[in-house]
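Just below is one structure, and these are the notes that go with it.
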Amino acid sequence: MSSNLILDPPQNLIDPKDYPLDKIFLDTEGCMKLNPQREEFLQVTSILHLDLPGNLIVGHRRLEPGEFWERGHLPGRPLFPGVLMIECLAQVGSIQAHYGLELGGDRFLGFGAADNVRFIDTVEPGTDLWIAGHFLRSSKSRSYFRWNGRIMRECGKPVCTATITGMAL
């Protein structure tokens, strides 16, 4: 038995082609009503799909040329920073939590942990990303959730995965 293991990349929750960018469930303004991040730290362009009974949310993030990180994060070869990928996942998970935990827009959800983080591919400016995720665990009485998400390209290739923990404060 060989000691070399080759692991397949994580399986996607969705096929991004099933969630076109012109079919929006929640636009940027709607996302900002639930998440307090603004300016450079708003990491969700829109929510394309939310299925509470099916435990699935699909978000979108458009990486525009000229974003704040582009100039300094590897000059000459700008790459979307991993910490912002995690923030992107946390913001989409937070939006699902607002709906799934019935918190309303006035509750602040704090980011408690990121586990099992994997950066699978690099992402450059001008890229559209799909963010799909689902609750692993949640509690309305404690306003708590553990959420698993994946960021992927339009072709379905994953670029990042993580498990996010959050709680309403």
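The values are calculated or read from the model by the stated rules, or taken from the named source; none is laboratory data. Only a predicted model underlies this, so the values are computations on that prediction, with no experimental measurement involved. Cβ placement follows ideal geometry from the backbone for every residue including glycine, while neighbour counts extend to all protein chains displayed.
Any idea which of D115, D128, D121 is touching a Lys or Arg at 6+ places or on another chain (Cβ under 6 Å), surrounded by fewer than 18 Cβ atoms within 10 Å (Cβ to Cβ) and at pLDDT 95 or above?
Checking each option against the conditions leaves just D128.
Any idea which residue in segment 75-112 is surrounded by the most Cβ atoms within 10 Å (Cβ to Cβ), counting only those that are free of Cβ contacts under 8 Å to residues at least 40 places away in the same chain and under 16 Å from the mean Cα position of the chain (by Cα)?
Out of the qualifying residues, it is P81.
Have a look at I95, I57, I86 and point out the one that is β-branched (V, I, T) and farther than 19 Å from L21 by Cα.
Every option except I86 fails the conditions.
Can you tell me which condition P36 does not meet? The list is (1) more than 23 Å from R118 (Cβ to Cβ); (2) more than 16 Å from the chain's Cα centre (by Cα); (3) at pLDDT below 95, and all the others hold.
Condition not satisfied by P36: (2).
Residues of segment 113-161 being in contact with a Gly (Cβ under 6 Å, 6 or more places away or on another chain) and in contact (Cβ under 8 Å) with a residue 60 or more places away in the chain, which ones?
I131, G133, G149
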